[in-house]
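The next block holds one structure in the form of structure tokens; read it before the comments.
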Amino acid sequence: MQGALGPGHPLEVTGAELVCLAVAQVLLRFNDERHWLRCAPVLVGHLFPRLLSQSEYHRRLRGAGDLMEAAVRWLAARTAARHDTVRLWDGTAVPCGASRQTAQRSGLFGWAGYGVDKSHHRFCWGVELMLVCAPDGLVTGFALVNPKLVKERDAMRMMFAWEKNRPRPGATGVCDKGFAGAGFEAGMAQLGITVVRPARKDESDPGTFPHGLRQRVESVHWTLKGQLGLETRGGRVLSGLWARVLQRLLALNAAIWHNWACRADRKRSLIPYDHPTRLTST
């Protein structure tokens, strides 16, 4: 390729190409960057004039947080699910380490903390990812918080203070009983959001809570953690952790956007994208 284009330096990898490489890494289930870059020349090398070394890829990826965040939101704003008036929200733990030495020496001090991972019934050291999703799994709002310092209700208030994360007025937010509280529900009502949650033990249960719909946000967490590798520990500094999370959110939104575009029956299905030949054809 270089010889055909004439003498000079190899073509640089653009920001758009970097983001495409990052999404391909996640969709093809390469959680380790070194493993991915060893296989990338064979799997996707024909799609790019130049690939990055491991140090270049890691450095460029950490600096691409703003670009990936913009891409996540761009896809969310151009997918049909954005018109749905129902939003699902919840938090999920993102582990960043297991040992005491990691917690003491990590560059995530102040951001990460010990908290309860409700999905696995365990304590872990890491951050909590707050997600706002459409019923099909499209991510429309997100933030990272310290699980030890910020409660989930406070995290949602802070998220919705930023208009980009906030559902449109008239939306219905489906969540769990951890978001119960008259003050929280009144604050959401001021934003035009109706909170729907299960009844607490001290409340009468009308039996109208959509439990099946509530489970969808749990399945979105499973997709991010089980299929897209968010459960794997990584990110020793905030920029690296943020980029790692955004990689997964971007891959999920890209798949959902494409599934809507090609009228696939299952909007959150990643099966067409987890094999190199299929990824190339799409």
Which of the following residues is surrounded by 17 or more Cβ atoms within 10 Å (Cβ to Cβ), at pLDDT below 95 and under 30 Å from GLY137 (Cα atoms): VAL23, VAL19, VAL44? VAL44
Quick one: which of PRO210, PRO198, PRO169 is without any contact (Cβ under 8 Å) to a residue 24 or more places away in the chain and out of contact with any Asp or Glu (no Cβ under 6 Å at 6 or more places or on another chain)? PRO198
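For (1) assigned to a loop (DSSP other than H, G, I, E, B); (2) at pLDDT below 90, each residue gets a yes or a no:
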residue	(1), (2)
ALA199	yes, yes
ARG236	yes, yes
SER239	no, no
VAL245	no, no
LEU250	no, no
ALA264	yes, no
LYS267	yes, no
THR280	no, yes
Enumeration of residues in the stretch 197-235 that are under 26 Å from ALA161 (Cα atoms), among the β-branched types (Val, Ile, Thr) and out of contact with any Gly (no Cβ under 7 Å at 6 or more places or on another chain): VAL217
Does TRP74 meet the test of being free of Cβ contacts under 8 Å to residues at least 40 places away in the same chain, part of a helix (DSSP H, G or I), aromatic (Phe, Trp, Tyr) and closer than 26 Å to VAL132 by Cα? yes
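Identify, please: which residue in the stretch 26-41 is part of a helix (DSSP H, G or I) and under 20 Å from the mean Cα position of the chain (by Cα) and is, among those, surrounded by the most Cβ atoms within 10 Å (Cβ to Cβ)? Working first, answer last.
Our first condition is that a residue be part of a helix (DSSP H, G or I); within the stretch 26-41, this holds for 26-27, 33-41.
Checking the rest, the ones that are also under 20 Å from the mean Cα position of the chain (by Cα) come to 26-27, 33, 36.
Working: VAL26: 27, LEU27: 25, GLU33: 17, TRP36: 21.
Among those that are part of a helix (DSSP H, G or I) and under 20 Å from the mean Cα position of the chain (by Cα), it is VAL26.
The values are calculated or read from the model by the stated rules, or taken from the named source; none is laboratory data. All figures in this text were calculated on a predicted structure; none of them were measured in a lab. In this analysis, Cβ positions are derived from the backbone assuming ideal geometry, glycine residues included, and neighbour counts consider all displayed protein chains.
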